[in-house]
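To start, the structure itself, in structure tokens.
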Amino acid sequence: MRTVVLTGAGISAESGVPTFRDEDGLWEGHDPMAVATPEAFDDDPDLVQRFYDQRRAALTRVEPNAAHRALARLEDVLGDDLLVVTQNIDDLHERAGSIRVHHLHGRLRSAWCTVCDSRHPWTEPLVDQPGCPACGRARLRPDVVWFGEVPYGMDLVHEALFSCELFVSIGTSGMVYPAAAFVQYAAARDARTVELNLDASESSTDFEVSRRGLATELVPAWVEELLASGDLGQQ
Ligand code: BJW
């Protein structure tokens, strides 16, 4: 069954990666949403670089959880019929074993040169303004998508959404577009729609099935149910 799984910050929360809009979400007294913007980067590049440098460094201290692993197990069965579209910039899906993962909002472990438009695997801080490995200019920024910028690979995502039979959303508040509208695209093509989230999201009412709870409990249970159903057609 052609399946698209959309994930958000909630799937990585139990690994110790902070979400954006949950309680005590401040970073050094700043609202993360105000830091993750092109305007903030223009106003205070060092502040924004430090925000991402700290999050990149923190990746070495976190591990995938049972929810990431359950999706990797689902891919073992569905193969190319499963696409995970993640809004997360961490690499926990890949470290859990998922292969078909699309990072809609970019990746922490990638740097983008705003001069020569090259991209580079990156694990070190960017605040010290290292030179671009391709052109040598010191204009690297985190390879992530901020408000007002175009999410990555929308053609690929649209193609997957328009042909999927099952759409599942995990751990996202449904407040950020275009991801918040994916359920509507999938439903318009008669896909089954399932939401697995701790709280009600902005788009909960758009889903046929909406379950509340921790991702580490809901996702493995849902994957088991799906696999046990035999035809992968029942949730
Ligand atoms: C758990 C849990 C547990 C907790 N278990 N669950 C249409 C209408 C209105 C506005 C717009 C619109 N279209 C575009 C806009 C503007 C804008 C936008 O959406 N604004 C809104 C504020 C209204 N969108 C954009 O600008 C986007 N670009 C765009 O649309 O370009 C035009 C275009 C589109 C398509 C084709 C061509 C052109 C870009 C958006 C970029 C968002 N960037 C960020 C930062 C990325 C880098 C970084 O990580 O720092 O992405 S913002 C931030 O929000 C980040 C996240 O990926 C994203 C979503 O957050 P998420 O994942 O939902 O996290 P939370 O914290 O909000 O929610 C966590 C959820 O988990 C909660 O519900 C909890 O209950 C749950 N949870 N623990 C299960 N243990």
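Taken together, the values in this text are just the output of simple stated rules run on the coordinates, not laboratory data. Everything numeric here is computed off the predicted structure, so don't read it as measured data. Ideal geometry is used to build each Cβ from the backbone, glycine not excepted, and the neighbour counts take in all protein chains shown.
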On each of the three principal axes the extent of the alpha-carbon atoms of the chain, given in whole Å and largest first, is 54, 36, 31
Nearest 10, in degrees from 0 to 90: the angle of helix 154-163 to the longest Cα principal axis of the chain is 0 degrees
In degrees, nearest 10, the alpha-carbon axis of helix 66-78 is tilted away from the dominant principal axis of the alpha carbons of the chain by 60 degrees
Length-normalised contact order of the chain, Cα under 8 Å, at least 6 apart, in percent, tallies to 23 percent
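Test of understanding: ordering SER15, SER110, SER118 by Cβ neighbours within 10 Å, fewest first, what list do you get? Could the numbers behind the result be given before it?
Numbers: SER15 21, SER110 18, SER118 14.
The order, fewest Cβ neighbours first, is SER118, SER110, SER15.
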Where a ≥ b ≥ c are root eigenvalues of the Cα gyration tensor, a/c under 1.5 meaning rounded, otherwise prolate if a/b exceeds b/c and oblate otherwise, the stretch 185-235 counts as oblate
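Which loop trypsin sites (Lys or Arg not before Pro) in the stretch 108-149, with loop taken from DSSP, have no more than 13 other Cβ atoms within 10 angstrom of their Cβ? The partial results should precede the final answer.
Details: sites: ARG109, ARG119, ARG137, ARG139; in loops: ARG137, ARG139.
Qualifying residues, ordered by number: ARG137.
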Rounded to the nearest 10 degrees, the helix 45-58 long axis (Cα) sits at an angle to the longest Cα principal axis of the chain of 50 degrees
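About the Cα centre of the chain, what is the dipole size in debye to 20, counting +1 per Lys and Arg Cβ and -1 per Asp and Glu Cβ, all else neutral? Mind dumping the intermediate values first?
Numbers: 20 positive and 38 negative charges, 105 e Å.
I would put it at about 500 debye.
At 4 °C and 1.567 mPa s, what whole-number value in µm²/s does Stokes-Einstein give for the translational diffusion of the stretch 140-235, with Rh from the Kirkwood sum over Cα pairs? Working shown, then result.
On the way: Rh = 14.5 Å.
Estimated diffusion coefficient is 89 µm²/s.
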With only helices counted (DSSP H, runs n ≥ 4, each -39500 (n - 2.57)), the per-residue ellipticity at 222 nm for the chain, to the nearest 500, works out to -9000 deg cm²/dmol
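Sorted by packing (mean other beta-carbon atoms within 10 Å per residue), highest first, where do 4-12, 65-73, 196-204 land? Don't skip to the answer; put the middle values down first.
Numbers: 4-12: 27.0, 65-73: 22.7, 196-204: 18.3.
Result, highest mean Cβ count within 10 Å first: 4-12, 65-73, 196-204.
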